[in-house]
Every structure is written in C-alpha cells, then in structure tokens.
1. Go through the residues of segment 154-162 one by one and say whether even a single one is modelled with pLDDT of 85 or more, of a type in the set (Asp, Glu) and crowded, with 20+ Cβ neighbours inside 10 Å.
2. In this structure, does ILE70 turn out to be of a type in the set (Val, Ile, Thr), farther than 27 Å from ALA214 by Cβ and either surrounded by fewer than 18 Cβ atoms within 10 Å (Cβ to Cβ) or at pLDDT 90 or above (or both)?
3. Inspect all residues belonging to segment 100-116 and state whether any of them is surrounded by 17 or more Cβ atoms within 10 Å (Cβ to Cβ) and over 21 Å from LEU158 (Cβ atoms).
Amino acid sequence: MSSLKQRTHYNSLFVWLNVLKPTLSILQAAALVTAALIAIPLLTVVASLLPGAGSDTWSHLLDTVLPSYIATTLYLCAGVAVGTITIGTSAAWLVTMHDFPGRRLFEWALVLPLAVPTYVMAYTYTDLLQFVGPVQSWLRATFALAPGSYWFPDIRTLWGAVVIFTFVLYPYVYLLARSAFLERASGMLDVGRSLGMGPWRRFYSIALPLARPAIAAGAALALMETLADYGAVSYFGVQTFTTGIYRAGFRWAIARRQRSWRRPCSALWRCCCCSSASAAARPASMHLRAASRFIHTPD
C-alpha cells in the first residue's frame, strides 16, 4: 500500500510539473527575440508608410526616383549573378577536375576575396584606374597619349560596381560548386568517361546538373550581399534600392524630429517674446510714473 501511495504521489507531482511547465522553451524564446530584433528595420520602414508618419517622403520617391532605383538594383543583381556564377563555377571546375602547377595553392587562394570588404575593393580599384592613377599615368607616359585622346572605361559606374561585386563575391559560388563537384559528380564523371563522353559533354550533361542547387545557393548568397551593401554603391554613385531606403529613412527621421520639436520650440519662443516685451515695457512705465510727479494740474 505504501508503494502504491508513493507512486500515486509521484504521478500527481509529474502532472503538476507538466501544468506549470512554460509553453515556450528557452531556445524558442531566444528565437522569438532574435526574430523581433531582425524585424525592427523592416517594421520601421513599414511604419514610415503609414499616414502621418512621413509617408509623403515615400510617395515623393515613388513618383520621382524609386522606379530608377529598382531598375538599377535589378541590373546590378543580374550582372553580379551572371559574373559570380561564371567565375565561381569555372574556377571550381578547373581546380577540381584538372591538374596543373599551383592547383593546391589556387584551391585556397581563390577564397581570399571574401576577406576583403567590398568598399575597400572599390576604393582600391578606383585609385588604380582613375585618371591620375598609376594605370592611366603609365599608359600616357608609355604611348605618349594626350589627355582626352584615348578612351578608358570609367570604374565609377554601374558596370564598374558589377565587376567589383563579382570579384569580391564569386567565392560563395566557388566554395559550394567545388564541394558539389567533389562529392556528387566524381563517380558520375567516371561513368561518363567509361561511356566515351568528352570533357565538355561530361561537364554540361553530368557535373553541371548535379551542382545546380549548390550554384544557385551560392548565387543567392552573393545577391543578398549585393542588396545589403551600401558603401560601395554609394562611393560609385550608383543609386540602388539600398541607398534610396537610407535617404528616405534619413529624411523621415529629420521630418519626425522637426515635428516633435516644433511645438516646444514655438512655446519657448512665445515665452521669450512675452518676457522680453514685459522687460521692455517695465522701464517705460517707471518713466511715466516718475514724469507724472512733476506734472501740475491747474486748480
């Protein structure tokens, strides 16, 4: 009987513990807090679209420059996607399936552009390729070219930004494509070689379809980095959706601050005017009272 009573007591205790157990675990609560912190910028942009919250700024952008911002962003993303897929996939195929001097060095050296921020690469290439940079100076000195007599591409354009982003972000595609070629396509390529397929046919028919998900994932990472970047596109003068959001948010913050300070400043201004007027009227009243003492009225 005692063991039965103890078992019943333990069962009731477990029931109460399950009732008192919180509905959210620690990991779930941490995930919710992290999601809320990440969603704050998006919620701020949505809040600015509400009536009376600076929506006139967004309507002005929509009527004037927002379509060009979106078009420039799409062109930039399309160019970066094509460039990163082409360079990353080609480099991964070469270092994985071909043997040449320095291959092991290039396997890891091709990852190094990820360590360089995009805006630093933009500053460096601009200094190298601008009119007073070492490249054009060497060309003018070597071939006796007069300024303005030759054509040289301008790096601070949309297509210059595409080249810079491609050189910095192609390792995303390279790493994932290289892993796919090593793990998935190696056995299939041996089978294709035994069937008499040539190198290009093995690449297009076997390796590329197997590595397509990895290449798409790497390109998606590169595009997210492109959309999130502000420093390089701002330095190049390329008006993208990111720069438009920054400018609109900055204007909205200034307008909101001006509205919040307008009433206190106007009240303070009225108080200052009233106090100065009273201070100016006080000496005049004193002089009038003093003068009235010397005025004699006739009897």
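1. no
2. Answer is yes for this residue.
3. Checked segment 100-116: at least one residue is surrounded by 17 or more Cβ atoms within 10 Å (Cβ to Cβ) and over 21 Å from LEU158 (Cβ atoms).
Let's see how each residue does on (1) surrounded by 12 or more Cβ atoms within 10 Å (Cβ to Cβ); (2) over 16 Å from GLY231 (Cβ atoms); (3) in contact with a Pro (Cβ under 6 Å, 6 or more places away or on another chain):
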residue: ASP127; (1), (2), (3): yes, no, no
residue: GLY133; (1), (2), (3): yes, yes, no
residue: GLN136; (1), (2), (3): yes, yes, no
residue: THR142; (1), (2), (3): no, yes, no
residue: ALA146; (1), (2), (3): no, yes, no
residue: ILE164; (1), (2), (3): yes, no, no
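The values are calculated or read from the model by the stated rules, or taken from the named source; none is laboratory data. All values reported here derive from a predicted model rather than from experimental measurement. So basically every Cβ, Gly included, is an ideal-geometry build from the backbone, and we count neighbours across all protein chains shown.
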